[in-house]
Every structure is written in C-alpha cells, then in structure tokens.
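Please read the structure below before turning to the comments.
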Amino acid sequence: MRKKLVAGNWKMHGSLQSNAALLEQIRAGVVGLACEVAVFPPYPYLAQTRALLSDSEVAWGGQSLSEYPVGAYTAEVSAAMLLDFGCRYVLVGHSERRALFGETDAVVAAKFAAAQQASLIPVLCVGETLAEREAGLTTSVVSRQLSVIIEAQGVAALASAVVAYEPVWAIGTGVTATPQQAQEVHAAIRRQVAVLDASVAKGLRILYGGSVKPQSAAELFGQVDVDGGLVGGAALVADDFLAICRAAN
Ligand code: 13P
C-alpha cells in the first residue's frame, strides 16, 4: 500500500508571523491522520519551519535546489544545506521553474541527481501546458519529462522519489483537472515505469497538483493511481490545507 502524501508548496508567500500561525495549526491539525503531510516554505523560513515542526509528524522540504554541490554559485542553495535544515523532500522541476526561470529537462535531471546524492527525496514535477493538451500531446510531454530522469539516473532512482503530475493549465487557475483526467495521466506514468520495473512502479507515489481544493480533493485522491496532492494556494490557509489532508486520510 502506498502511503498518501499531501504536500503544501507555499511558493513565494509567507512571513515569520504568518508562517508561525500556519505551522502551528498544521502541526496540531495533522495529529492522528494516516497520510503523510509535508510543507515547502521559501528557503529563508526553513529554520523557522524546523524549529516549529521538529518534533511533529509533518515533514518539510525546499522548493528547489542547486544542481551544484558547493562553490562560487551566488544565490544558489545546495542539497547539503537543505539537509542541514532537516529537509526530507525537495521539489524538482516545478513548472514555474521551467517556464519562468529557464530550467531545462537537463537542469531538472541534474537537480534530481543532486538531491538524491544528498539523500533528499526529490518530488519531480511534470505536466503539460494547455496548448500541449489541446494538441493531444499530454502523454508524450509527461513521458518525455519522466524519461529524461530515467535515462540519466536509471529507473531504480524512482524508488526513492515522488512524482507530481501538475498540468500547467490547472496551476493557480482555479481549473482543476477532473479526477478522470488526473487518473489517466497518473496511470500512464505508472505504466511507463512498470515497463521497466514493476515493483518500482507499484511503490511510486504520484501526486496530483493544480488547483486542489477541499471540495475537489477527496474525489481526486480516490483515484487508484492518485497518491495524494501537491497543493499551492490552498496550502496557505490552514483550514483548507487540513481539509485536503483529511481527504487523503
Ligand atoms: P495551486 O494549488 O495554487 O494551483 O498550485 C499548484 C502548484 O503549483 C503546487 O506546486
């Protein structure tokens, strides 16, 4: 049985004051839930997150990382630094990184490798744009994004990774993929892995992300290949995030 994971990607939101309240509520609200819960605050708040969550059931991670281990790379944050602050996970290849900051498939693969070298669990984000979906390219785009990682790292690397399917057209738009649309892509991802290694495919957690709300979460998480969610906007509101966590329970 794959344990469900609900992760909150805070993106570039928060302050010391608002985070403290949000983290306290999440920490208290997840007690007794069967699913795993994680938060991804901006880098400067990882120390605060560690301080407030260290003896809780909630995990945390970085929103990205450098592909380089150490050195003269101004403004970059290494995998080892994330580990120093107690991170368990790190997002890799979020569509905002790909679209706004020029992260290519090759960079995403290098970041994925850097994360695993440091024993962080990469959460590999994949997903098609609206134009790609309308052109019937959804499966080929997602499959390519996953292939790049498998070719570079081998399929076994996915045994200690998480995949998040985030259709770009659903991110921050209020338009959620239907449970059927999500299931179709999640099943395709799992089939692609299963061809190479059935056991890795069976254990691989595939999260759905893109306008997940308390109202849509239960049906999405009820699909056989949807193992939880990567939540943006709703993760900034404790009641909404906790309702989504309970939907995965
Ligand atoms: P929203 O939930 O705000 O659509 O964001 C999804 C996302 O990008 C999570 O990484």
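Scanning for something surrounded by 23 or more Cβ atoms within 10 Å (Cβ to Cβ) and touching a Gly at 6+ places or on another chain (Cβ under 7 Å), does region 173-181 turn up at least one residue?
yes
With the structure loaded, tell me whether residue 80 is assigned to a helix (DSSP H, G or I), modelled with pLDDT of 95 or more and open to solvent by less than 20 Å² (accessible area, probe 1.4 Å) or whether it fails that test.
Judged against the criteria, residue 80 is not a match.
Need pairs with beta-carbon distance below 6 Å; first residue in contact (Cβ under 8 Å) with a residue 24 or more places away in the chain and of a type in the set (A, V, I, L, M, F, W, C) and within region 150-166, second open to solvent by 30 Å² or more (accessible area, probe 1.4 Å) and part of a helix (DSSP H, G or I); sequence gap 6+ or separate chains.
155/196
Taking the conditions exactly as written (more than 19 Å from residue 165 (Cα to Cα) and among the β-branched types (Val, Ile, Thr)), does residue 104 satisfy them or not?
No, not satisfied.
Go through (1) assigned to a helix (DSSP H, G or I); (2) small (Gly, Ala, Ser); (3) under 30 Å from residue 27 (Cβ atoms) and name the single condition residue 229 misses.
Only one criterion is unmet by residue 229, namely (1).
Could you list all residues from region 18-41 that are surrounded by fewer than 16 Cβ atoms within 10 Å (Cβ to Cβ) and not in a helix (DSSP H, G or I)?
Answer for region 18-41, where residues must be surrounded by fewer than 16 Cβ atoms within 10 Å (Cβ to Cβ) and not in a helix (DSSP H, G or I): 31, 32, 34.
Checking residue 158 against (1) in contact with a Leu (Cβ under 6 Å, 6 or more places away or on another chain); (2) open to solvent by 40 Å² or more (accessible area, probe 1.4 Å), which single condition isn't satisfied?
The one condition residue 158 does not meet is (2).
Of all residues being away from the ligand (no atom under 15 Å from the Cβ) and not aliphatic (A, V, I, L, M) in region 206-226, which is surrounded by the fewest Cβ atoms within 10 Å (Cβ to Cβ)? Just the residue, please.
Only one residue fits best here, namely 222.
The values are calculated or read from the model by the stated rules, or taken from the named source; none is laboratory data. This is a predicted model, so every value here is computed, not measured. Don't worry about glycine lacking a Cβ; one is built from the backbone with ideal geometry, like all the others, and counts go over all protein chains shown. For the accessible areas, the whole protein counts, side chains as well, though only heavy atoms, and no ligand, DNA or RNA atoms are used. Shrake-Rupley method; radii C 1.70, N 1.55, O 1.52, S 1.80 Å.
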